[in-house]
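Each value in this text was obtained by applying a stated rule to the coordinates, not by laboratory testing. Owing to the predicted nature of the structure, the values given are computational and were not obtained by experimental measurement. All Cβ positions, glycine included, derive from the backbone under ideal geometry; neighbour counts span all protein chains shown.
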Amino acid sequence: MAKRGKKLRIEGRREKGTRDRRPPRHGATGYKPPEGLDIDERDLKIIEMLQKNARTPFLEIARELGVSGATVHERVGNLMNAGVITGFTTKLDTKKLGYEVVALIGVVLDHPTIDLKELNGALKSTPEVQEAHNVTGDTDVVLKVKARSIDDLRKLLVEKIQYIKGVRRINSSIVLDSPVERSSVALS
């Protein structure tokens, strides 16, 4: 009989009632976290499961990992405190909500080194703007916007975005299809 607290391995699994305190190694997934980020295989598995379904109960994750629900709760809290997990969202089918048009807008600024606080503030306060990215190349900022119709897109472009301080020129491309859209990253 094993002493309490001592690990006894049977066919690659720990004996029921004992705790394996060794952190899993990073070798299984091949993912190596950036320096200063202290996460292990269990954390990566938790992240992977939550990326697939943010509503996965912690107890289900715990069963999958062979740990307690409290352990998963603590690890998710640590990942949130470290800024790795920044929130939990709901995915929407925006077309079913009436947003039929998706467009990518290239924005050329009057001068690329202008203070972007005002521009960023204006973009954040424009609900049609889903994403904004400062980029290299011929444009300075790329926006992803959603609108209910082409007419609404036109109004957004000529009545709002074009008049934001610092915007010199805009160039829009209407998205015909989005065969790949991900909100998760590969960790394995």
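Key figures
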{"quantity": "Ranked packing of 114-122, 97-105, most packed first, by mean Cβ within 10 Å", "calculated": "97-105, 114-122"}
{"quantity": "Charged-residue dipole, Cβ positions (Lys, Arg, Asp, Glu), the range 57-188 about Cα centre, Debye nearest 20", "calculated": "180"}
{"quantity": "For peptides 151-158, 85-92, sequence by mean Cβ density within 10 Å, most packed first", "calculated": "151-158, 85-92"}
{"quantity": "Centroid-to-centroid separation of the range 106-140 and the range 33-94 [C-alpha atoms, Å]", "calculated": "32"}
{"quantity": "Order of VAL76, VAL141 - criterion: other Cβ atoms within 10 Å of each residue's Cβ, fewest first", "calculated": "VAL76, VAL141"}
{"quantity": "For the range 36-112: relative contact order, % (alpha-carbon pairs under 8 angstrom, 6 or more apart)", "calculated": "20"}
{"quantity": "Cβ-defined net charge surrounding LEU119, 13 Å radius [Lys, Arg +1; Asp, Glu -1]", "calculated": "+1"}
